[in-house]
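Worksheet: one structure, shown below.
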Amino acid sequence: MLSFLRRRPNPNRLRQQFLERFTGRTLIVHEGFPPEWLEELLKQPGGGGHFRLDVRQINVRKPSPIEWFVREHVLPLGLPLPLLVRVSPPELRVRHLRRGNHAVHPSEIQWFLEELDTRAHATLRVTDTGFTAEPGIPVSDNEAKSMLDHLGL
């Protein structure tokens, strides 16, 4: 088929399909994991429940709803990977999982989820036509404050 005749994906339909499928879930957007990181994540309570998407595998020609969402709305935020995304409309909260040059330990993800409403690096608000991005805490701030408070530090 001639490429100019190919139908472009309908963004409203992709947004609707994405929200129907992933509302109430958390995503981990990554470009590969350090050795043993995934194994450690799966040992954590709820660690296997995060939907993981490797951005190196995104289908550019015919994206699935999640691939479209990540490519069009998450990656343009410019945050370091991996990212934790909680899909809970009307707001989707995004937090990167890096400290320095390394991914945080998977045991910290639960702490990040606990404080995500107040300590996200970005918020994507669902609108009638897509998502509106709002900045959050500075990219350099990635301590799990609730964990530190719990430990009395």
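The values are calculated or read from the model by the stated rules, or taken from the named source; none is laboratory data. Keep in mind that this is a model prediction, so the values were computed, not measured. Every residue, glycine among them, receives a Cβ derived from its backbone with ideal geometry; neighbour counts consider all protein chains shown.
Rundown of residues vs (1) of a type in the set (Phe, Trp, Tyr); (2) surrounded by fewer than 14 Cβ atoms within 10 Å (Cβ to Cβ); (3) within 17 Å of the chain's Cα centre (by Cα), yes/no style:
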position	(1), (2), (3)
Phe22	yes, no, yes
Leu38	no, no, yes
Glu72	no, no, yes
Pro76	no, yes, yes
- request: Give me a count of the residues in the range 59-84 that are out of contact with any His (no Cβ under 7 Å at 6 or more places or on another chain) and closer than 27 Å to Glu108 by Cβ.
  value: 12
- request: Please find, within the range 40-56, the residue that is surrounded by the most Cβ atoms within 10 Å (Cβ to Cβ) out of those that are among the aliphatic types (A, V, I, L, M) and out of contact with any strand residue (DSSP E or B) (no Cβ under 7 Å at 6 or more places or on another chain).
  value: Leu41
field: Sole exception among (1) crowded, with 16+ Cβ neighbours inside 10 Å; (2) within 24 Å of Phe33 (Cα to Cα); (3) at pLDDT 90 or above; (4) of a type in the set (A, V, I, L, M, F, W, C) for Val139, by number
entry: (1)
- prompt: Just a yes or no: is a residue in the range 113-133 surrounded by 14 or more Cβ atoms within 10 Å (Cβ to Cβ) and in a helix (DSSP H, G or I)?
  reply: yes
